[in-house]
Amino acid sequence: MHNRKRLYWIIFFGLAGIIAVIPEYFFTEKTDVIGVTQADFSLDKQGQLAALRSGPESTKSGKQELGITAKGHNIAVNTDLFASHSWYVAPQRAPVVVAPVSSPLPQPKPMTPPLPFRFIGKLDDSQKVRVFLQQGEKVYVVSVGDVIDGTYRVDGVTDNLMTLLYLPLQVTQSLSVGSKL
């Protein structure tokens, strides 16, 4: 029984080998002799590192191309298969124009900011007129002569208008305070 298995395996491998070899003998075309010339990859006595540092001109002199001819076709193979190529193009620089130096411009006059207050109401008792102003969340009760936050001073209150002096620039501003009571 053991000999039969061995005989089957020998026959199997023999037939597989014959089937693999048959196409080589019957289906190949006759071609001309291929001539291969040997390439001389030796560099000058400086060594490979020195040749690479000196640039591509010195490496071309030490290398030869490998020529293969088959059926009248000449195939040239470059020996530097992994040469690096760059597609980077340096941008052109615009010419620098030097502007003439002129005298410095005069500083503009500082401008007063808009009034930060909103009129809420007015109280007129027999002694003086009090005006209620709002700035954000704060409510101010002011009368003539009062200073608000060190920046505004109340100069006068009329029936329709309140006059405020902006202290840093000494500029007068007006705020509408409604009509006569």
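The values are calculated or read from the model by the stated rules, or taken from the named source; none is laboratory data. If you're wondering where the values come from, they're calculated on a predicted model, not measured in any experiment. Don't worry about glycine lacking a Cβ; one is built from the backbone with ideal geometry, like all the others, and counts go over all protein chains shown.
Observations
- The set of residues from segment 117-154 being more than 57 Å from the chain's Cα centre (by Cα), among the charged types (D, E, K, R) and surrounded by 12 or more Cβ atoms within 10 Å (Cβ to Cβ) comprises 122, 124, 130.
- There is no residue in segment 123-142 that is under 22 Å from residue 171 (Cα atoms), part of a loop (DSSP other than H, G, I, E, B) and either out of contact with any strand residue (DSSP E or B) (no Cβ under 6 Å at 6 or more places or on another chain) or at pLDDT 85 or above (or both).
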